[in-house]
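Structure incoming, see below.
The values are calculated or read from the model by the stated rules, or taken from the named source; none is laboratory data. Quantities reported herein were computed from a predicted structural model and do not represent experimental measurements. Ideal geometry is used to build each Cβ from the backbone, glycine not excepted, and the neighbour counts take in all protein chains shown.
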Amino acid sequence: NFEPARKVGGFANERCAEYGLLIRPLTNDSLAFCPPLIVKEAEVDAIFDAVTRALDDTQAWVEKEKLRVPA
C-alpha cells in the first residue's frame, strides 16, 4: 500500500509511457491495460517487456524514497 498523495501509480504510468506503452491510470495506484482484441503475440511480449521495465523503475523509486506503508 502507498499513500495516495505519493502517486505511485502515476509514476508507474509515466515510466510505461517512457517505454512506449500507453496504459490507463484509474486511481492513484491502479492501472488498466486495454490492448485491442486483434493484438498479436509479439505485441503482447512488447507490452510485458515495457511494463516489467516500468515496474522495476517504480520499485526502485519506491525503495529509494521509502514510500511503502506498513500493512
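Report, by residue number, each residue of segment 23-44 that is among the hydrophobic types (A, V, I, L, M, F, W, C) and farther than 18 Å from K7 by Cβ.
Selection gives F33, C34, L37, I38, V39, A42, V44.
Determine, yes or no, whether A12 is surrounded by 12 or more Cβ atoms within 10 Å (Cβ to Cβ), of a type in the set (G, A, S) and part of a helix (DSSP H, G or I). Give the derivation first.
Values: surrounded by 12 or more Cβ atoms within 10 Å (Cβ to Cβ): yes; of a type in the set (G, A, S): yes; part of a helix (DSSP H, G or I): yes.
So A12 passes the test.
Another question, if that's okay. Quick one: what pairs do we get from segment 19-30, first residue within 13 Å of T58 (Cβ to Cβ) and of a type in the set (V, I, T), second at pLDDT 85 or above and in a loop (DSSP other than H, G, I, E, B), C-beta under 8 Å, 6+ apart or different chains?
Within 8 Å, the pairs are I23/F33; I23/C34.
Out of all the residues in segment 20-71, which are in a loop (DSSP other than H, G, I, E, B) and surrounded by 15 or more Cβ atoms within 10 Å (Cβ to Cβ)?
Scanning segment 20-71 gives L21, I23, D29, L67.
Something else: Which condition breaks for A5 when tested against (1) over 23 Å from R68 (Cα atoms); (2) more than 12 Å from the chain's Cα centre (by Cα)?
All conditions pass for A5, except number (1).
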